[in-house]
Structure formats: structure tokens, C-alpha cells
Amino acid sequence: MKIFKDIYEWKKFRNSLPGSLGVVMTMGALHDGHYSLVKRSKDENDYTLCTIFVNPTQFDRRDDLDNYPVTLDSDIAGLEKLETDFLLLPNFKQIYPDNYTYKVCESEFSKILCGASRKGHFDGVLTVVMKLLNIAGARRAYFGEKDYQQYHLIRKMAEALFIDTEIIGCDIVREKDNLAMSSRNMKLTENGRKLASFYANAIRCQSKSLDEIKSELENNAIKVDYLEERFGRRFAAVFINGVRLIDNFPLNKD
Ligand code: PAF
């Protein structure tokens, strides 16, 4: 795997690379959910680029950014095992030469669900993804549907701004007990992990009302940010011992 730290070096290299490129953007702390995106990109493109950049502008809380897991050595080992072609590791100065004075904003769908409680979160996400799409020069970009709202906003941004890269949503990868894979899961304590398992299954129950499920979660010391149904899907965000976990799934039609 060829590793690039300089975005201009990458762009020059990309311009001389024949064939199709798929990109998987990440903030590191890679798990099987990320690796499934890399595998899909490898299946569908001649080359695959993974990017790792912990994007500060999408964190609404400083402590959340400071506590975000960083596991670069094992990320590199995991990507090498999959024979990923390229890895880009840019720094803040390179990504934000404007010091975040220019932003990409969306004014409707970004304001609900995660956007309602995480002020500025999606401005940070859309801005960095736009930059990374321009830097990557890929034919296809792969995003996990655990962050369904993020995936949807990115797809619509690409449409609205005439971006050539195809935005592809990929199924959520779950642990055996149904918990959606997330870099944040590694921050859970042993007891927190048990609660996370309880939460992952409780929110799936369609024979109880959302209010009943909310009280069940809160009675188990799980703080509910939201539990809502929209567009035929159920969406949830909770805090377990201060760790924010999100999930969503399509509702059964019957
Ligand atoms: O989903 C993520 O890991 C991030 O939000 C992304 C898309 C890499 C942008 O920083």
C-alpha cells in the first residue's frame, strides 16, 4: 500500500493513474464496517484509496474530539491485509488552508435527527467530504448506512453540486448481538458494552411504541437523544456512559 501524506503529491499521482478509482473516507479506528467498504470498492474499481482524517470541524464537543479513538498502526495493518492500494493521511493545515472560512451547508435535512442536537456537525461533514471528493478524484465513493443521514446528505450534495463521483451507500455491518459496528464501540466499558447490546435489540422491537422503548432504555441508564421514525426507517441516537451511539433500520411494511 502506497501511503501519501501530501494531498498535492496524491493529486499529481492520481492524474497519472489510469483506470477507475474508488474512495473510502474514514476517521480511522477502522473496524469490519470500514473494511467491508474497502472490499466493495476493490470489487468495483481498478484501485482503491482509503483516507484517514479525524475532522475536527464535525465535532460539536471538544471532549468528544479529544476522546476519539486513534489506532493508526492497526488501521494500516488492516488495510494492508486487504491489499488496499493507497492511503491518504492529510493534516488539518492541508485540508483547511482557509481555516474553515468556506463551508458547505444544507438547510433542511441536516437540521433534524443528529443535526438537531449536534450544532454544525453536518456543515463539518459536508465540507470535509466535498474537499476529499475533490482531492481523491474517484469514480465512486463508499459510505456506510449506519450514518444514514450523513450518507443521504452526501448523496444529495453530490447531485446538487454536480459532483462526478458516484455516491454509494453500503449495508450496516453488525456484531453478532446486533450492535452496529462503530469506532465508538471501542470506548465502551464492559458494562457499557452490555448496555449497548440491550439498546441495539430494544430499538428493533416493532410491537412496542417508541415511548415504551424510550422508557425501557432510560430505565437502564441509557440516555436517549432521539428515537424517531421517518421515511420508513427507525433512527436512534443514545448515550451509554457518555459514548454516543447511532443506529437505523428500515421498518417492516406489515
Ligand atoms: O463517517 C465518517 O467517518 C466521517 O463523517 C467522514 C465521512 C469520514 C467525514 O469526516
Only listed residue being more than 23 Å from residue 10 (Cα to Cα), in contact (Cβ under 8 Å) with a residue 40 or more places away in the chain and not in a helix (DSSP H, G or I), chosen from 168, 172: 172
Test: residue in the stretch 225-235 that is within 16 Å of the chain's Cα centre (by Cα), closer than 28 Å to residue 24 by Cα and modelled with pLDDT of 95 or more: yes
When the stretch 187-224 is checked residue by residue, the ones that are open to solvent by less than 70 Å² (accessible area, probe 1.4 Å), within 10 Å of residue 240 (Cα to Cα), of a type outside the set (A, V, I, L, M) and not in a helix (DSSP H, G or I) are 220
Could you tell me whether residue 115 is at pLDDT 95 or above, surrounded by 13 or more Cβ atoms within 10 Å (Cβ to Cβ) and within 29 Å of residue 226 (Cβ to Cβ)? yes
So the check is Cβ under 7 Å with 6+ separation or different chains; which pairs have a first residue in the stretch 201-216 that's within 11 Å of residue 251 (Cα to Cα) and a second one that's open to solvent by 80 Å² or more (accessible area, probe 1.4 Å)? 206/252
Got a sec? Which of 40, 14 is at pLDDT 95 or above, open to solvent by 80 Å² or more (accessible area, probe 1.4 Å) and either of a type in the set (A, V, I, L, M, F, W, C) or more than 14 Å from the ligand (Cβ to nearest atom) (or both)? 40
A careful count of residues in the stretch 119-144 that are closer than 18 Å to residue 246 by Cα, buried (at least 20 other Cβ atoms within 10 Å of the Cβ) and more than 10 Å from the ligand (Cβ to nearest atom) gives 0
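The values are calculated or read from the model by the stated rules, or taken from the named source; none is laboratory data. Here the structure is a predicted model, which is why all the values come from computation and not from measurement. Cβ sites come from the backbone with ideal geometry, for glycine too, and all protein chains shown count toward neighbours. These accessible areas exclude ligands, DNA and RNA; they are computed on the full protein's heavy atoms, side chains included. Shrake-Rupley method; radii C 1.70, N 1.55, O 1.52, S 1.80 Å.
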